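Report on one structure; see the data block that follows.
The values are calculated or read from the model by the stated rules, or taken from the named source; none is laboratory data. Here the structure is a predicted model, which is why all the values come from computation and not from measurement. Cβ: placed from backbone, ideal geometry, glycine included. Neighbour counts: every protein chain shown. Accessible surface areas use protein heavy atoms only, side chains included; no ligands, DNA or RNA. Shrake-Rupley method; radii C 1.70, N 1.55, O 1.52, S 1.80 Å.
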Amino acid sequence: MSTQQAEPETQDAPDDPAMKGAESPAAEKQKGGDMVDERDESQAEFDGETVHIKVFRYDPEVEAKQEPRFDDFHVPFEKGMTVLDSVMYARDEFDSSLTFRHSCRQAVCGSDAFFVNGKQRLGCKTQISDLEQPIRIEPLPHQEVVKDLVVDMDHFYDQMHAVEPYFKSEDTPDASELEEQRQSRENREKVKMSTRCIWCASCMSSCNIAAGDNEYLGPAAINKAYKFAMDDREEEDIKEHRLRILEQEHGVWRCQTQFSCTEVCPKDIPLTEHIQELKREAVKKNLKFW
Amino acid sequence: MSQSYNRGLVEDFGRWKEFSAGMWAWIFHKFTGWILIGYLFTHISVLSTSLGAAGNEAAIMSETDVYTTTLQGLESLFLIRLLEIGLLAVAVFHILNGLRLLMVDLGIGLEAQDKSFYASLILTGAITVASVPTFLTGVGL
Amino acid sequence: MAERYSSFTPGGTGWFFQRLTAAFLVVALAFHFFLLHFVNHAYEVTFLGTQARMENIGYLLTMILFLVTAAFHGVNGVYNALVNQGLKGTQKKVILAVLTLAGLALVAQGTYVALVMGGMI
């Protein structure tokens, strides 16, 4: 997952030594000038609406960008334009060092979650016309910034893997008796929404508790576990084991039902509802002491 | 998530305009909770004056025992009355939002969680305002 | 990171009791406010009046239960708020001990006061 997502990043920002060398403060300034020129040009050319975006810039490896700042870009507006389109235009036309992850551009790969106008959103799924300008585009909060809009996703992936997100069996079945393991329609309906997660980390970034408590599994991982724990085909022992992971002190109990995750989820997964259901499951299980 | 530099956190109060209903509910619930547990400790301390009052039948009958005089002395202060109204508001909000949270825990009405938060705010305001006359009777300014 | 979650420490009991006590406290706190501010007025409280209420054994027991649940709910709430802020390690243990002691002291003192008010001691 992580390698797959890291790929576009290198594509976006080719580590061309010549280019890096050019990023001295003076060159940067000149570049800024170019940018303005181009902007004027484009404005004159299009003679129409432009979109004002303010993009977060930071790069620990470039002296002029070590101090975080916002760069302004004026991008020609087109009907149906998304936030991702606008930053791509800015990168392609104004500043090729502008760095962000993206891949499928259709809300499936989950690489381009940004903090847009104070809310976690998928760049490719957010219409410019729905936003107030200037549009402030920042990297996801609560994750360390690697460069510009690119954040370190390692912690998020660690939490996802911590819930052992796979369907498994206690014993390997006899090969001669292998049978299709079918899921009932009703059960599929139950877990349907939880399967839609695209690992974009918007929820984790929006969560107040995950921000303060690094060990908290977070909404995405718990939702992932929900998908398996609620699957009828999961064996009793495995489900028990899964619930034990979830009912750790830093598991489901840390959720304070602020609904932040549910509100930002680009795939509309009812995350809070799933976490609450798992809390009740865990309590029920623990109360069955007879 | 250690940050290599400070770019501000989402829950910084400088960004309060971006807070969602659920986040406000959480902040208020926690804040009122701190007040209520703090009050419980002071409440028991004040009521502990009854330990000094008990046994002195004459003072109790003439209502000059230390418990009665302490409580009535406090109640004669306008400030205390104001604080009591504040306490009522805090308690009512904590109760109403607490009911909301219990519903959320039972998985009831999750889609209306923001509306129920606004409802508990409005109800708290209404109940508090309606109680002001009762709380201010017999106090000199 | 998986190994960090391998030890079995159910936090569910605390969560569940927080909800149970909440359900009781909603009623008890509303009753308490109503009785001492609307039925009786706080500025009219005298030792005699308090004693008369506390001599009713049902009322006395309700108030003690009210105190115990409120102390648990409050102290546990404070502890959870601190854990949510990322409290851990020795600090966490110390805070838990301090809060537990404070809660127990509160219940002990409150119960003693209630019994004296009711003339039981």
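A few comments on the model shown:
- Enumeration of residues in region A:122-146 that are within 17 Å of A:Ser103 (Cα to Cα) and open to solvent by 40 Å² or more (accessible area, probe 1.4 Å): A:Lys125
- Conditions (1) surrounded by fewer than 20 Cβ atoms within 10 Å (Cβ to Cβ); (2) not in a helix (DSSP H, G or I); number of the one not met by A:Asp158: (2)
- Residues within region A:54-101 that are assigned to a strand (DSSP E or B) and touching a residue at least 24 places away in the same chain (Cβ under 8 Å), tallied: 12
- Selected residue [modelled with pLDDT under 90 and touching a Phe, Trp or Tyr at 6+ places or on another chain (Cβ under 8 Å)] from B:Glu63, B:Glu57, B:Glu75: B:Glu63
- Per-region count, region B:88-111, residues more than 18 Å from C:Ala22 (Cα to Cα) and open to solvent by less than 40 Å² (accessible area, probe 1.4 Å): 2
- Test: residue in region A:228-245 that is part of a helix (DSSP H, G or I) and in contact with a Leu (Cβ under 6 Å, 6 or more places away or on another chain): no
- Residue satisfying condition, being over 19 Å from the mean Cα position of the chain (by Cα), within 11 Å of another protein chain (Cβ to nearest Cβ), in a loop (DSSP other than H, G, I, E, B) and modelled with pLDDT of 90 or more, within set A:Gln256, A:Gln276, A:Gln248: A:Gln256
- Of all residues in region A:189-223, those that are at positive phi and more than 14 Å from chain C (Cβ to nearest Cβ) total 2.
- Of all positions in region C:66-75, none carries a residue that is without any contact (Cβ under 8 Å) to a residue 24 or more places away in the chain and more than 28 Å from A:Leu217 (Cα to Cα).
- Filter result for C:Val26 (within 27 Å of A:Leu287 (Cα to Cα), surrounded by 14 or more Cβ atoms within 10 Å (Cβ to Cβ), modelled with pLDDT of 85 or more and facing chain B (nearest Cβ under 7 Å)): yes
- Residue count for region C:103-121, restricted to those that are facing another protein chain (nearest Cβ under 8 Å) and not polar (S, T, N, Q): 7.
- Of all residues in region A:113-141 being in contact with a Leu (Cβ under 7 Å, 6 or more places away or on another chain), assigned to a loop (DSSP other than H, G, I, E, B) and not polar (S, T, N, Q), the one that is farthest from the other protein chains (Cβ to nearest Cβ): A:Pro139
- Subset of region C:65-113 (residues that are charged (D, E, K, R) and either open to solvent by less than 50 Å² (accessible area, probe 1.4 Å) or in a helix (DSSP H, G or I) (or both)): C:Lys92, C:Lys93
- Region A:205-226, residues that are open to solvent by 10 Å² or more (accessible area, probe 1.4 Å), touching a Pro at 6+ places or on another chain (Cβ under 7 Å) and part of a helix (DSSP H, G or I): A:Lys224
- Test: B:Leu74 is within 25 Å of C:His73 (Cβ to Cβ) and either open to solvent by 20 Å² or more (accessible area, probe 1.4 Å) or facing chain C (nearest Cβ under 9 Å) (or both): no
- Among the residues of region B:87-119, those that are more than 14 Å from chain A (Cβ to nearest Cβ) and touching a residue at least 40 places away in the same chain (Cβ under 8 Å) comprise B:Leu87, B:Leu88, B:Val90, B:Ala91, B:Phe93, B:His94.
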